[in-house]
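Peer 1: Just dropping this structure here.
The values are calculated or read from the model by the stated rules, or taken from the named source; none is laboratory data. Computed from a predicted structure; not experimentally measured. Ideal geometry is used to build each Cβ from the backbone, glycine not excepted, and the neighbour counts take in all protein chains shown.
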Amino acid sequence: MNLIALALAPVAIIIIYIYYKDKYEKEPKRLLLISFLLGAIVSIIITTILYSFFDLYIPLQDKLSVWEQFKQAFFVVGFSEELSKYLIVLLFAQQHKEFNEPFDGIVYAVMVSMGFAATENIMYVTQSGAATGVVRAFTAIPAHATFGILMGYFMGKAKFAPNKLYLNLLGLFFAILFHGAYDFFLFIEFIPGIWIGAFISLGIGLFLSKKAIKFHQERSVFKTK
């Protein structure tokens with residue numbers, strides 16, 4: 001039970017943080033919970049199916065090959081996990097009337113991402129112990145949040161723009177890009193010191209996420225109401 005609490009604590013902190021960053025019109029808690037659960041269950045199922053497909057058609061040939069790990073990071077892990085989250089935001093959250101300003105894209109994308117991260121983190125922490133939970137609280141969980149914020153920034157803009165498809169896909173692209181970069185530098189651990197690249201990419205993602213949140217906050221349609 002303590003391990004599960006440890007796994008869920010950083011997820012809860014990020015959810016609360018994003019909830020209070022939505023300053024001008026809070027989203028219905030019911031929709032937030034549904035988004036979280038869809039991320040925790042449906043997104044995991046979609047990802048598992050995609051992993052199985054890639055394992056069948058693009059198997060990892062050489063663990064010590066930079067190119068193989070590049071494919072694994074960007075085209076398997078990054079693509080599969082972010083596509084699964086993207087589809088939920090696109091087909092569920094973005095279709096609701098309550099999704100009525102660009103900042104909502106960030107809120108719902110983070111909720112879906114944190115649902116995914118919660119399930120994933122519980123599996124990692126219960127299998128590997130408390131030390132893994134502590135490390136992931138400062139690495140993988142914030143990383144999933146940044147991927148969600150970057151995706152949600154563009155999907156929030158897409159809801160109210162004529163070029164919806166372009167902006168939606170741009171959100172997916174940047175989520176995959178940062179997810180893939182983060183994982184890639186961790187996957188090629190056989191190159192001494194290269195892991196620092198994961199934290200550099202995470203740092204850039206956190207910086208851009210902060211800018212994205214501020215941008216949509218300042219342009220909220222409810223700011224002056």
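Peer 1: Tell me, yes or no, whether region 56-73 has at least one residue that is over 27 Å from Ile191 (Cα atoms) and among the polar types (S, T, N, Q).
Peer 2: no
Peer 1: I'm trying to understand the selection: among the residues of region 122-168, which are exposed (fewer than 15 other Cβ atoms within 10 Å of the Cβ), of a type outside the set (Phe, Trp, Tyr) and either in contact with a helix residue (DSSP H, G or I) (Cβ under 7 Å, 6 or more places away or on another chain) or not in a loop (DSSP other than H, G, I, E, B) (or both)?
Peer 2: Answer for region 122-168, where residues must be exposed (fewer than 15 other Cβ atoms within 10 Å of the Cβ), of a type outside the set (Phe, Trp, Tyr) and either in contact with a helix residue (DSSP H, G or I) (Cβ under 7 Å, 6 or more places away or on another chain) or not in a loop (DSSP other than H, G, I, E, B) (or both): Met123, Thr126, Gln127, Ser128, Ala130, Ala131, Val134, Val135, Ala161, Leu165.
Peer 1: Something else about it: Sort through Tyr17, Tyr108 and tell me the only one that's among the aromatic types (Phe, Trp, Tyr), in a helix (DSSP H, G or I), touching an Asp or Glu at 6+ places or on another chain (Cβ under 8 Å) and farther than 26 Å from Phe187 by Cα.
Peer 2: Tyr108
Peer 1: Which pairs do you get when a residue that is more than 14 Å from Ala145 (Cβ to Cβ), found in region 204-219, comes within reach of a residue that is charged (D, E, K, R), reach meaning Cβ atoms under 9 angstrom, with the pair 6+ apart or on two chains?
Peer 2: Filtered contacts from region 204-219: His216/Glu101; His216/Asp104; His216/Lys157; Gln217/Lys21; Gln217/Asp22; Gln217/Lys23; Gln217/Lys223; Arg219/Glu101.
Peer 1: Residue check: is Ala175 surrounded by 24 or more Cβ atoms within 10 Å (Cβ to Cβ), at pLDDT 95 or above, among the aliphatic types (A, V, I, L, M) and at negative phi?
Peer 2: yes
Peer 1: For region 82-92, check the following and say yes or no: at least one residue is without any contact (Cβ under 8 Å) to a residue 60 or more places away in the chain, outside any loop (DSSP other than H, G, I, E, B) and crowded, with 22+ Cβ neighbours inside 10 Å.
Peer 2: Yes - at least one qualifying residue is present in region 82-92.
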